[in-house]
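Comments concern the structure below.
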Amino acid sequence: FEEGHRRMKPRHLLGIADEESILHAVSCGLDTLDSCYPTKLGRHGTLMTKSGFVRVKQGKYRKAFGQKVEEGCQCATCQNHDLAYLHNLFKMKEPLAVQLGTQHNLFYMQSLMKNLRERILRNEI
């Protein structure tokens, strides 16, 4: 990355989105990245959280009334819907399920990237 005129150009990585790979890429000096990973997970009922994945189609969420995907998450999905409702939407193959799952995962990724930017500005990365 530090060779000649390449040093001044932005570095982009395509196709990664798991947190470990993103952190490694950022610490290596990558400037931008993109991936369909969060939307693909959301479309298939896997929601990203700080403590790992929530696979909302699993039966254990059928009666998770009042339980949010992730406590403290400020996305519209978490603010307005519980896991029991999301479970039902995915099981019934409602189009809204895909939208809500994707919306949560994109918000999660935006929050992750915001945190990384703040860490870069504090010289922690």
Among residues of segment 11-46, those that are touching a residue at least 60 places away in the same chain (Cβ under 8 Å) and buried (at least 16 other Cβ atoms within 10 Å of the Cβ), counted: 7
Quick one: S51 ticks every box in (1) within 18 Å of E19 (Cβ to Cβ); (2) hydroxyl-bearing (S, T, Y); (3) open to solvent by less than 40 Å² (accessible area, probe 1.4 Å) except a single one, so which number is it? (3)
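The values are calculated or read from the model by the stated rules, or taken from the named source; none is laboratory data. Just so we're clear, the structure is a prediction, and the values are computed from it rather than from any experiment. Cβ atoms come from the backbone with ideal geometry, glycine included; neighbour counts cover every protein chain shown. For the accessible areas, the whole protein counts, side chains as well, though only heavy atoms, and no ligand, DNA or RNA atoms are used. Shrake-Rupley method; radii C 1.70, N 1.55, O 1.52, S 1.80 Å.
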